[in-house]
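Engineer: One structure coming up, written as structure tokens, with questions to follow.
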Amino acid sequence: MAIPASAVRLPSTLWGTLIISGTIIGAGMFSLPVVMSGAWFLWSSALLIVTWFCMLLSGLLYLEASLHYPAGASFDTVTRDLLGRGWNLVNGLSVVFVLGILTYAYISASGAIIQRSLSQLDIAMSARVAGGLFTLLVALFIWLGTAVVSRMTLIFLGAKVITFLMIFGGLLWHIEPVNLLDSQAADSHYLRYLWAVVPFCLASFGYHGNIAGLVAYYRKNATRVSRCLIYGTLLALAIYFIWIVGTMGNIPRHDFKAIAAQGGNIDVLVGALSGVLHSPYLNLLLDIFSNFAVACSFLGVSLGFFDYLADLFKLDNSASGRLKTTVLTFILPLAAALIWPNGFLLAIGYAGLAATVWAVVTPALLARQSRRRFAQAEWRVRGGMLPIVLVLLFGGLNALVSLLSYGHFLPVFGE
């Protein structure tokens with residue numbers, strides 16, 4: 001006799017919380033202090049909170065719509081049924097673009113940070129070569145299968161968490177209030193630089209691809225999944241806040257101009273922190289954390305890209321099929337990284353614009369359409385139409401400031 005789902009003991013909320021926070025927190029966090037340097041601490045913190053709230057709402061709205069489908073139904077399945085093939089195509093293209101450009105960003109970041117680490121051991125290697133070799137290693141893990149990727153991700157994630165917790169104390173201990181509050185600023189204009197930060201904040205709260213898996217994991221228990229989304233995003237928000245306090249409290253605002261001028265790559269920010277901390281212990285931890293943060297993000301994003309392309313082109317799971325998918329996954333991002341090795345910051349910004357479609361606009365439209373089709377729903381996001389309107393307005397704001405930024409209509413700190 002089948003056991004009712006309600007009678008089955010569900011996994012702890014802790015695991016789902018860690019999945020969400022682990023997905024959100026990655027190498028992209030290194031872009032935040034750099035792009036926030038113009039608006040600085042107070043305005044950037046306020047924007048980060050607004051972004052967290054809107055991205056949490058968008059995740060809850062997608063959860064609401066997905067509950068009307070079998071547990072684990074993909075974004076593609078739900079979007080095609082509720083919004084039609086046309087919008088599903090637009091949404092699919094945005095997913096491919098985001099995953100592809102993030103793969104490029106992490107190849108670029110890995111080359112830069114590995115080059116920095118090797119140089120401290122007196123080993124000379126260019127960022128292009130370092131990034132290319134590391135990409136081949138990641139591609140090998142991906143080709144070998146999800147089980148290998150899971151084990152490597154667990155190792156990288158564990159090392160990342162341990163070193164990050166150890167770094168927190170060191171960074172916060174060295175904070176200078178005069179830096180954090182920018183009390184000796186020659187340029188006291190902050191708000192004008194805030195708008196360009198929006199896409200980067202949005203890209204820093206991407207977790208929506210994990211919701212389908214959590215719905216299946218918790219057997220469509222909406223209350224349990226929603227708690228995972230709330231706690232996981234809150235944990236990420238807290239860690240981001242401590243990170244920007246630690247970086248902005250140690251590096252003066254005007255020093256970020258030089259970091260941004262060099263492409264904003266991870267190695268430049270880590271080098272700047274090392275220069276002000278004067279601690280071999282913290283410098284070593286920063287290098288270790290940076291390498292594992294990039295590796296963890298790289299594996300997660302590239303595996304998601306691999307799975308999406310395998311499903312899109314209907315490639316089988318044989319050795320030859322996985323090889324074809326692996327080549328499709330890495331060929332264009334790797335070529336771009338070899339041609340433009342310092343595009344980490346720019347790539348994160350473009351990812352924020354494209355993610356507006358599938359992580360912000362689409363969830364709001366899905367919730368709106370599902371309410372029309374399924375009038376009797378067991379679980380809904382509170383607030384009626386207000387959450388949908390807020391999320392759509394946030395998506396519109398992000399699209400607008402992204403286009404204005406790419407058209408060079410927004411002021412850039414340091415120019």
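Engineer: Among the candidates Tyr69, Tyr62, which residue alone is in contact with a Pro (Cβ under 6 Å, 6 or more places away or on another chain) and either in a helix (DSSP H, G or I) or surrounded by fewer than 20 Cβ atoms within 10 Å (Cβ to Cβ) (or both)?
Structural biologist: Only one candidate qualifies: Tyr62.
Engineer: Restricting the first residue to segment 132-143 and requiring it to be farther than 13 Å from Ala112 by Cβ and open to solvent by 40 Å² or more (accessible area, probe 1.4 Å), which pairs with a second residue that is hydroxyl-bearing (Ser, Thr, Tyr) and assigned to a helix (DSSP H, G or I) meet a Cβ separation below 8 Å and a spacing of at least six or different chains?
Structural biologist: Here the result reads Trp143/Thr326, each pair linking segment 132-143 to a residue that is hydroxyl-bearing (Ser, Thr, Tyr) and assigned to a helix (DSSP H, G or I).
Engineer: Sticking with this one: Run down Val96, Val178 and say which single residue is of a type in the set (Val, Ile, Thr), more than 19 Å from Ala293 (Cα to Cα) and in contact (Cβ under 8 Å) with a residue 40 or more places away in the chain.
Structural biologist: Testing whether each residue is of a type in the set (Val, Ile, Thr), more than 19 Å from Ala293 (Cα to Cα) and in contact (Cβ under 8 Å) with a residue 40 or more places away in the chain leaves just Val96.
Engineer: Name, by its number, the condition in (1) touching a residue at least 40 places away in the same chain (Cβ under 8 Å); (2) in contact with a helix residue (DSSP H, G or I) (Cβ under 7 Å, 6 or more places away or on another chain); (3) surrounded by fewer than 18 Cβ atoms within 10 Å (Cβ to Cβ) that does not hold for Asp255.
Structural biologist: (1)
Engineer: Which of the residues belonging to segment 237-252 are assigned to a helix (DSSP H, G or I) and open to solvent by 10 Å² or more (accessible area, probe 1.4 Å)?
Structural biologist: If the condition is that a residue be assigned to a helix (DSSP H, G or I) and open to solvent by 10 Å² or more (accessible area, probe 1.4 Å), then Leu237, Ala238, Ile239, Phe241, Ile242, Val245 are the ones that fit.
Engineer: Right, another one. Given the criterion open to solvent by 30 Å² or more (accessible area, probe 1.4 Å) and among the small types (Gly, Ala, Ser), identify the matching residue among Gly396, Gly343, Gly352.
Structural biologist: Among Gly396, Gly343, Gly352, only Gly396 is open to solvent by 30 Å² or more (accessible area, probe 1.4 Å) and among the small types (Gly, Ala, Ser).
Engineer: Within segment 204-229, which residues are within 15 Å of Thr51 (Cβ to Cβ) and either part of a helix (DSSP H, G or I) or at pLDDT 95 or above (or both)?
Structural biologist: Of everything in segment 204-229, those that are within 15 Å of Thr51 (Cβ to Cβ) and either part of a helix (DSSP H, G or I) or at pLDDT 95 or above (or both) turn out to be His208, Leu229.
Engineer: Would you confirm, using the coordinates I've provided, whether Asp267 is over 30 Å from Ala73 (Cα atoms), in contact (Cβ under 8 Å) with a residue 24 or more places away in the chain, within 23 Å of the chain's Cα centre (by Cα) and surrounded by fewer than 21 Cβ atoms within 10 Å (Cβ to Cβ)?
Structural biologist: The answer is no for Asp267.
Engineer: Could you tell me whether Leu171 is open to solvent by less than 10 Å² (accessible area, probe 1.4 Å) and either under 21 Å from the mean Cα position of the chain (by Cα) or touching a residue at least 40 places away in the same chain (Cβ under 8 Å) (or both)?
Structural biologist: So Leu171 passes the test.
The values are calculated or read from the model by the stated rules, or taken from the named source; none is laboratory data. Predicted, not measured: the structure shown is a model, and the values here were computed from it. Here Cβ is always computed from backbone atoms with ideal geometry, including for glycine, and neighbour counts include all displayed protein chains. Remember, those area values only see protein heavy atoms, side chains included, never the ligands or the DNA or RNA. Shrake-Rupley method; radii C 1.70, N 1.55, O 1.52, S 1.80 Å.
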